[in-house]
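The values are calculated or read from the model by the stated rules, or taken from the named source; none is laboratory data. Small disclaimer: the values here were computed from a predicted structure and weren't measured. Don't worry about glycine lacking a Cβ; one is built from the backbone with ideal geometry, like all the others, and counts go over all protein chains shown. Protein only, heavy atoms only, side chains kept; ligands, DNA and RNA dropped before computing areas. Shrake-Rupley method; radii C 1.70, N 1.55, O 1.52, S 1.80 Å.
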Amino acid sequence: MRTVFWDYETHSCKMIDQRQLPWSFEIANFDDYHAVAQAITDMVVRGAPAIGAAGGFGMALAARQLPDGDRLIFIQALEEAAEILNAARPTAVNLSWAVNQQLRVATDETLESLDEIRDALLQNAQRIADEDVALNRLMGFNGAELISDGDTILHHCNTGALATVDWGTALGVIFAAHEQGKKIHVLVDETRPRLQGARLTAWELQQRGVSFDLIADNAAGHFMRKGEVDIVLVGSDRTAANGDVANKIGTYNLGVLAKENGVPFYPVVPTSTIDLNLAHGDLIPIEERGIEEVTHVFGRQIAPEGITARNPAFDVTPHRYVTGIVTEAGIVYPPFVKNLVKAVEMANSK
Ligand code: MRU
């Protein structure tokens, strides 16, 4: 089942509610784009490509919610919807990439009526979702060449089927290597504070029968120094033109530790996550989330009452720590400034 999909019977958008996993598997239903935006903020759906797809369907919903009438007013209302959806989470570029693509579709002058605009928006949202699955398969195939029989892979956060529409990015590479019959083992960072590794990645690996051990985030350096990690694979929420990579908080630590210990470090990144408009990673907006994610674990306070805390959801790993970037257009190596442009051009020409 896909993480985000359109229900053509009820004309609504459906999502696996990732806040409930691994305890229960629930599907949430959305027929209001405001609720889609809230679901993205609340992380019912999360992972850069998955929130991109949700944004695409959110725009299709907005068009259905808007009344018939003046075309200009309709487009203005869609622009407002786009602003609300784009603001739901700031770091992953896939969200604005998909939502802004939908605005371009909506302003296509060859569409003759509001109903044609509504249909075109749904078709394009479906295309974004379908393409994501195909791209992930390609990236998995491309990245699997980095994995040898017997390798142990260190992985952060959740980058699997749940973080995308289906299959996954970094975890997609792991699934592809497993499918090819390579004997691999995964060290799964639990990924505090929201535990995407412990809750979601462990669940996905278990379902697919891939061998793994869950580790506390702060154990990663220990295993790298002991020579027990062959490669680090992570995702990315936004990759700048110079190859700096924003990803789940803690990824930077892994990049530095990997370099120190001579372990290759590869982000796995669809070209939709590459933001060539940003020269370097310090320009990437970093989401800061509520401090209760740090002070509480599953509703229970674990720190003294009244303290302050900080909760950046992402960090930036400078490109000097990045061995290569796996994309659907192949594996990109330094100099990233030149080679990422080529990869994006190649992907867009297909
Ligand atoms: O806060 P999340 O769970 O949305 O963060 C997700 C990640 O950091 C992933 O690594 C990223 O989206 C890229 S992989 C699909």
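A compact table of results
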read-out: Choice from Val133, Val105, Val326 showing the highest fluctuation, given a GNM over the chain with Cα pairs closer than 10 Å; value: Val105
read-out: Built amide H within the under 5 Å cut-off of Ile231, gap 5+; value: Thr152, Leu154
read-out: In sequence order, calculated HN-Hα J values of the stretch 337-350 (Karplus, 6.51, -1.76, 1.60; Hz; x Gly/Pro); value: 3, 7, 7, 5, 4, 4, 5, 5, 4, 4, 5, 6, 7, 8
read-out: Inter-site label distance for Asp130 and Ile73 at 7 Å from Cα along Cβ, in nm; value: 3.5 nm
read-out: Table column - 3J(HN,Hα) (Hz), the stretch 171-184, Karplus curve with 6.51, -1.76, 1.60, x for Gly and Pro; value: 5, x, 5, 5, 5, 5, 5, 5, 5, 6, x, 6, 8, 10
read-out: 27 Å Cα-Cα reach of Lys338 towards lysines, excluding residues that sit fewer than 8 places from it in its own chain; value: Lys248, Lys259, Lys350
read-out: Accessible carbon and sulfur surface of the chain relative to its total accessible area, %, 1.4 Å; value: 51 percent
read-out: Calculated over the stretch 58-97: convex hull of Cα atoms, volume per residue (Å³); value: 60 Å³
read-out: Other-chain or far-sequence residues with amide H under 5 Å of Leu214's (modelled H); value: Val188
read-out: Accessible area expressed per residue, the stretch 141-348, with surrounding protein chains retained (probe 1.4 Å, Å²); value: 41 Å²
read-out: Karplus-derived HN-Hα couplings along the stretch 298-307 (A = 6.51, B = -1.76, C = 1.60, θ = phi - 60°), whole Hz, x at Gly and Pro; value: 6, x, 9, 5, 10, 10, x, 4, x, 7
read-out: Additional length obtainable on full extension of the chain from Arg320 to Glu228, 0.36 nm per residue less Cα span; value: 30.9 nm
read-out: Within the chain: Cβ-based charge dipole about Cα centre, in debye rounded to nearest 20 (Lys, Arg +1; Asp, Glu -1); value: 1140 debye
